[in-house]
1. Only one residue in Leu92, Leu52, Leu31 is among the aliphatic types (A, V, I, L, M), touching a helix residue (DSSP H, G or I) at 6+ places or on another chain (Cβ under 9 Å) and surrounded by 15 or more Cβ atoms within 10 Å (Cβ to Cβ). Which one?
2. For the structure I just gave you, tell me whether Ala202 is surrounded by 15 or more Cβ atoms within 10 Å (Cβ to Cβ), free of Cβ contacts under 8 Å to residues at least 24 places away in the same chain and assigned to a helix (DSSP H, G or I).
3. So which pairs qualify, if the first residue must be in segment 206-226 and without any contact (Cβ under 8 Å) to a residue 12 or more places away in the chain and more than 26 Å from Leu277 (Cβ to Cβ), the second must be surrounded by 20 or more Cβ atoms within 10 Å (Cβ to Cβ) and hydrophobic (A, V, I, L, M, F, W, C), the Cβ gap must be under 6 Å, and the two must be at least 6 apart or on different chains?
4. Please determine, by comparing only the residues of segment 156-215 that are of a type in the set (Asp, Glu) and over 30 Å from Asn77 (Cβ atoms), which one is farthest from the chain's Cα centre (by Cα).
5. Taking Tyr176 and the conditions (1) aromatic (Phe, Trp, Tyr); (2) free of Cβ contacts under 8 Å to residues at least 60 places away in the same chain; (3) crowded, with 17+ Cβ neighbours inside 10 Å, which numbered condition does it fall short on, given that it satisfies the others?
6. Which of the residues belonging to segment 90-108 are at pLDDT below 85 and not charged (D, E, K, R)?
Amino acid sequence: MPLHESAYRKTYLVVNHTVLVVLSLLCIAPLIHILAVSFSSSTAATAGEIGLWPVQFTWRSYDYVWQRHQFWRSLLNSFERITVGGGVQMLLTILLAYPLSKESGHFRPRTLYAWFFVITMLFHGGLIPWYVVIRSTGLLDTIWALVLPGAVPVFSVVLLLNFFRQLPREMEESAYVDGAGHWTVLWKIFVPTSLPALATIALFSLVGHWNSWFDGLILMGKPEHYPLQSYLQTVIVASGSSMPTADWASMAEISDRTVKSAQIFIGMLPILLVYPLLQKYFVKGIVLGSVKE
């Protein structure tokens, strides 16, 4: 019987690892293809000869992107968005999760507020009312139009409050005995001991703000105010070439497709660099924060 279980276990591990490797390759292959196209010549890109390796290797597409001031301006706009938006989301998430993690005996309106926030996850007022409210408050064409409408991520609040509930109550009670108040308990005990959950919701906030493109298109009136993903969306869906005629004549080694690929890959780099740093906290934070007593 043990031999049978051992053989079954080995078969399961082989199949499991094979499936995971195949899925990983399917996810990473498009990224490698985009990178290969960005380093290939215009002729190879136009002929469709590029697979997972550059053909007629050249840096000219990146040289061209380096001179695109609008691209770098939109990149700075995205960094501003994730800095301001991520900071606001983290602050409000912490301030909401702490009181909602208390029992009803300690915070009587807890259930009412919890249902209020959960309802916002299930129902949405619609695109037009959403736009009218933002316009009426004078936020159009400002960074706050991209930050304030999504300043309270309810899913992150639920994740963090469940994590707070699992912290030992003895730490909190001993702090109260020593004369600490709620603010001291929150910032000196709850926040330092909740790094896995905070890293998880920080990753959610970072990816959400970085990948968002639709709100930038409809809320920003000037192209120079577009975040990076909104700018890339206009570049990718634009019909024909986005390159001036003079550049076509002087830079025959690049094409519109190679330039777009270079911009897309540069736009992915910040997330690709940050994600491994938060990965060690991600699994622990999402598992512990999702368990409800």
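The values are calculated or read from the model by the stated rules, or taken from the named source; none is laboratory data. Keep in mind that what you see is a predicted model, and the values were worked out from it rather than measured. For neighbour counting, all protein chains shown are included, and Cβ atoms are generated from backbone atoms with ideal geometry for every residue, glycine included.
1. Being among the aliphatic types (A, V, I, L, M), touching a helix residue (DSSP H, G or I) at 6+ places or on another chain (Cβ under 9 Å) and surrounded by 15 or more Cβ atoms within 10 Å (Cβ to Cβ) holds for just one of Leu92, Leu52, Leu31, which is Leu92.
2. no
3. Qualifying pairs under 6 Å: none.
4. So the residue we want is Asp178.
5. Condition (3) is where Tyr176 drops out.
6. Of all residues in segment 90-108, those at pLDDT below 85 come to 103-108.
Ser104, Gly105, His106, Phe107 - these are the residues of segment 90-108 that are at pLDDT below 85 and not charged (D, E, K, R).
Here is a yes/no grid of residues against (1) touching a residue at least 24 places away in the same chain (Cβ under 8 Å); (2) within 24 Å of Tyr226 (Cβ to Cβ); (3) of a type in the set (Gly, Ala, Ser):
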| position | (1), (2), (3) |
| --- | --- |
| Leu13 | no, no, no |
| Cys27 | no, no, no |
| Tyr62 | yes, yes, no |
| Thr83 | no, yes, no |
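Per-residue answers, yes or no, for (1) small (Gly, Ala, Ser); (2) surrounded by 13 or more Cβ atoms within 10 Å (Cβ to Cβ); (3) free of Cβ contacts under 8 Å to residues at least 40 places away in the same chain; (4) not in a loop (DSSP other than H, G, I, E, B):
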residue	(1), (2), (3), (4)
Ile119	no, no, yes, yes
His124	no, no, yes, no
Val132	no, no, yes, yes
Leu140	no, yes, no, no
Leu148	no, yes, no, yes
Ser156	yes, yes, no, yes
Phe163	no, yes, no, yes
